[in-house]
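Below is one structure, written out as structure tokens; comments come after it.
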């Protein structure tokens, strides 16, 4: 009699445990949220490779190359960083700014950049700075070849308009303006 009770008990318990395990794992695959508060979100591939970080200022990582984080540098902003297939930083959207005790904006800027794959140079950079010392907005297109020769096209404007220019920086020789700011 005791054996029959134990067999029934273990069968029921095993069945319930299996049911809860299977339904619990199926529900955990997709979750829906109306709002999430977080200091940092890491998006990873199934193998653990980091692909994107969304972070506040305090939790923004140092430069990550091939999955290894180097000591944090002064990154006075928050934002989103992108990583390539090897887990190396490959661009991002970052922003920051703050006011001094008098309420004056002393540091403010935004930067969207995409880096060349497998290199530490940027292909495209859209940047803006508007603070107590600078007001600059611009687009920078860069091309760096295998021998580290860099060509750049700048389309930049400052608050006075006097620094507005388009210049090509060839691998050899000085920068040259190819379209005067007055013709914009």
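The values are calculated or read from the model by the stated rules, or taken from the named source; none is laboratory data. Not measured: the values here are computed from a predicted model. Glycine also receives a Cβ, built like all others from the backbone with ideal geometry; neighbour counts cover every protein chain displayed.
Here are some notes:
- Whichever residue in the range 147-166 is under 20 Å from residue 91 (Cβ atoms) and surrounded by fewer than 16 Cβ atoms within 10 Å (Cβ to Cβ) and, among such residues, is modelled with the lowest pLDDT: 148
- Taking the range 110-134 as the range and being in contact with a strand residue (DSSP E or B) (Cβ under 6 Å, 6 or more places away or on another chain), assigned to a loop (DSSP other than H, G, I, E, B) and either modelled with pLDDT of 85 or more or closer than 30 Å to residue 51 by Cβ (or both) as the test, the residues that pass are 116, 121.
- Within the range 99-109, none of the residues are within 12 Å of the chain's Cα centre (by Cα) and either part of a strand (DSSP E or B) or within 20 Å of residue 44 (Cα to Cα) (or both).
- Criterion violated by residue 91 - all others in (1) surrounded by 10 or more Cβ atoms within 10 Å (Cβ to Cβ); (2) at pLDDT 90 or above; (3) at negative phi satisfied: (3)
- Test result for residue 38, in contact with a strand residue (DSSP E or B) (Cβ under 9 Å, 6 or more places away or on another chain) and more than 30 Å from residue 133 (Cα to Cα): yes
- Within the set 51, 75, 66, the sole residue that is loosely packed, with under 14 Cβ neighbours inside 10 Å and closer than 24 Å to residue 124 by Cα turns out to be 66.
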